[in-house]
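The values are calculated or read from the model by the stated rules, or taken from the named source; none is laboratory data. Treat the numbers as computed from the prediction; the structure is a model and nothing was measured. Methodologically, a virtual Cβ is constructed for each residue, glycine included, from the backbone with ideal geometry; neighbour enumeration extends over all protein chains shown. With ligands, DNA and RNA removed, areas are computed over all heavy atoms of the protein, side chains included. Shrake-Rupley method; radii C 1.70, N 1.55, O 1.52, S 1.80 Å.
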Amino acid sequence: MTRTVLITGPTRGLGRAAVLAMAGRPAGLRPDLILVGRALSAVAAEARTLGARVHEVVADLSRLADVRAAAGTVREMVGDQPLHALIANAGAMSSDTRHTSADGFELTFAVNYLAHAQLISALPTPARVVLLGSNTYYANVWRRLLGVPEAQWRDPAELARPATGATNPGIKAAGVAYSNAKLAILYYAHELQRQAGPGVAVSVFEPGWMPGTDLGRGAPPALRAISRALGRIPGVSTPQRSGPALASVALDDKWAGLRDGAFVLKDRVIAVQPIAHDVDRERRLWATTTKLFAASATPGSSRAL
Ligand SMILES: NC(=O)c1ccc[n+]([C@@H]2O[C@H](COP(=O)([O-])OP(=O)(O)OC[C@H]3O[C@@H](n4cnc5c(N)ncnc54)[C@H](OP(=O)(O)O)[C@@H]3O)[C@@H](O)[C@H]2O)c1
């Protein structure tokens, strides 16, 4: 039976490379693809040229109403049949933590975390859920030297709330929000596994640092130019190298046993830091997320949380 894989954020960077890696597999090993994103026609055409059957589901992940509608469209396509895999790849790092999603939530938290939690909750649970993590959730020597901020966890209702004030809190605050969203993904993965049970394979994929992708597209031009230059250093991670590794985690038998939010750094499972396991935070995040979804479905109420 043909397997179906849904991927968000397939239009560029890592997601596009993973789509092309899946579409380029030999017939029989090639999954049907459901692409979820904003402007899908170019990557869909490329994947079809490689031989894949592709469904396009247009959604802006900064609008939870779009995400719910996308889930409805996917349910109509696949019925009660769980997807073989859902790859929650889309990501963004807003340059200003005052920026909000359509529902009034802090944009980075909304796109990286809330949209995917909403999508997954509105579908029959896929056999594999591959979430996109980032090691920026904790500081190491290199990230300290480069000034990449680690997570500073707060109550999830606060993380969902945009900053206020007349001036942009700045690039460091934006980095903290990104790292918080990625720590939220780790907490969510652990709780999702408990809620979904052992029949579902929940993992978190970290592609390695891929400087020069469009993730930091809102950053100052000088910083973007430095990133692009760093992206050309031999040996540094790239979408072309990490995309096929992401496709493998979604498709290959060797990864079928991943459970409990196992953290895959490109092609090997590594342990996460102790801070990434916290049952109280994980339960609190799950409960708050449910309330945020309810608020977003009731116009005008999200700011009250
Ligand atoms: N780059 C790194 O070094 C790195 C390291 C660790 C983890 N990651 C993670 O890897 C994933 C892919 O990152 P990347 O570097 O490939 O970034 P990228 O090149 O900027 O691609 C991001 C993807 O997310 C989509 N997206 C963003 N906002 C969206 C929205 N509101 N609605 C729908 N789609 C949206 C983009 O679609 P559009 O084309 O419509 O904008 C694009 O397809 C992210 O989850 C990121 O956090 C990246």
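Results, tabulated for the structure shown:
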| quantity | calculated |
| --- | --- |
| Residue among S101, S62 that alone is within 15 Å of the ligand (Cβ to nearest atom) and open to solvent by 10 Å² or more (accessible area, probe 1.4 Å) | S62 |
| Flag if P244 is open to solvent by 40 Å² or more (accessible area, probe 1.4 Å), more than 29 Å from A173 (Cα to Cα) and part of a helix (DSSP H, G or I) | yes |
| Count - residues of segment 209-222 that are more than 19 Å from L107 (Cβ to Cβ) and open to solvent by 40 Å² or more (accessible area, probe 1.4 Å) | 3 |
| Criterion violated by L186 - all others in (1) buried (at least 18 other Cβ atoms within 10 Å of the Cβ); (2) touching a Pro at 6+ places or on another chain (Cβ under 8 Å) satisfied | (2) |
| Flag for G175 being at pLDDT 95 or above, of a type outside the set (S, T, N, Q) and within 16 Å of the ligand (Cβ to nearest atom) | yes |
| When residues of segment 75-98 are limited to those that are within 13 Å of the ligand (Cβ to nearest atom) and not in a strand (DSSP E or B), the one farthest from E282 (Cα to Cα) | S95 |
| Every residue from segment 159-183 that is among the hydrophobic types (A, V, I, L, M, F, W, C), assigned to a loop (DSSP other than H, G, I, E, B) and open to solvent by 50 Å² or more (accessible area, probe 1.4 Å) | A166 |
| Total residues in segment 133-158, condition open to solvent by 10 Å² or more (accessible area, probe 1.4 Å) and closer than 29 Å to R38 by Cβ | 8 |
| Extreme residue, least open to solvent (accessible area, probe 1.4 Å), among residues of segment 228-241 that are over 24 Å from I185 (Cα atoms) and charged (D, E, K, R) | R228 |
| Of the criteria (1) of a type in the set (A, V, I, L, M, F, W, C); (2) open to solvent by 10 Å² or more (accessible area, probe 1.4 Å); (3) in a helix (DSSP H, G or I); (4) within 9 Å of the ligand (Cβ to nearest atom), which one A110 fails | (2) |
| Residues located in segment 1-56, provided they are near the ligand (Cβ under 9 Å from one of its atoms), assigned to a loop (DSSP other than H, G, I, E, B) and open to solvent by 40 Å² or more (accessible area, probe 1.4 Å) | T11, R12, R38, A39 |
| Check on L64, under 17 Å from D252 (Cβ atoms), touching a residue at least 40 places away in the same chain (Cβ under 8 Å) and of a type outside the set (S, T, Y) | no |
| Given (1) more than 14 Å from the ligand (Cβ to nearest atom); (2) assigned to a helix (DSSP H, G or I); (3) open to solvent by 20 Å² or more (accessible area, probe 1.4 Å); (4) at pLDDT 95 or above, index of the condition A225 fails | (4) |
| Residue match in segment 154-165 (condition: near the ligand (Cβ under 10 Å from one of its atoms) and touching a helix residue (DSSP H, G or I) at 6+ places or on another chain (Cβ under 7 Å)) | no |
| Of all residues in segment 257-275 being farther than 18 Å from S242 by Cβ and touching a helix residue (DSSP H, G or I) at 6+ places or on another chain (Cβ under 8 Å), the one that is surrounded by the most Cβ atoms within 10 Å (Cβ to Cβ) | G261 |
| Residue that is within 12 Å of the ligand (Cβ to nearest atom) and under 21 Å from G37 (Cα atoms), where the choices are A71, A115, A122 | A115 |
